[in-house]
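These notes concern the structure reproduced below.
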Amino acid sequence: MTDGRDFEKRLIFIDLGFKARLTPHNDYGCDVVVEKYRGMKTVVQAKLSSRQAIGLGAVQEAVTSKAMYGAIHALIITNREYTSKAKVLVSLYKNGHVLIVSRGHSLI
């Protein structure tokens, strides 16, 4: 993979029967908006990092984009791990439907 947009395009939502569209670069932290049933949306933030763990800023952006796009879920996907602070913030949003996926791990 060469860059973040390439990473986003490789997400498999369309193959799973979802409608998926890439967002513009000024996207409030959302890279892909996914719809499955009756307009119910999930915002997806794809974070490609060569070295660093993904921090709580990514979680904050996902929560913001969830509100901006009127989504019911926010999903953050990365090829790295998450910092402990990011995991704590996600745990506070469990009822707010914020999920993270990292390299080698399923939904948290």
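For this structure, a couple of remarks:
- Placing pseudo-labels 7 Å out from each Cα toward the beta carbon at Arg80 and Lys36 gives an inter-label distance of 2.9 nm.
- Sorted on the mean count of surrounding Cβ atoms within 10 Å across their residues, most packed first, peptides 61-70, 74-83 read 74-83, 61-70.
- Long-range amide H partners of Leu99 with built H, under 5 Å: Ala74, Leu75, Ile76
- Compared with the alpha-carbon gap, the fully stretched path from Arg51 to Thr64 is longer by 2.2 nm at 0.36 nm per residue.
- Given R0 = 22 Å, the distance between the Cβ atoms of Tyr93 and Leu22 translates into a calculated FRET efficiency of 0.40.
A short reminder: the numbers here are calculations on the coordinates, not readings from a lab. The structure presented is a predicted model; accordingly, all values stated were derived computationally and were not measured. With ideal geometry, Cβ positions are generated from the backbone for all residues, glycine too; neighbour counts draw on all protein chains shown.
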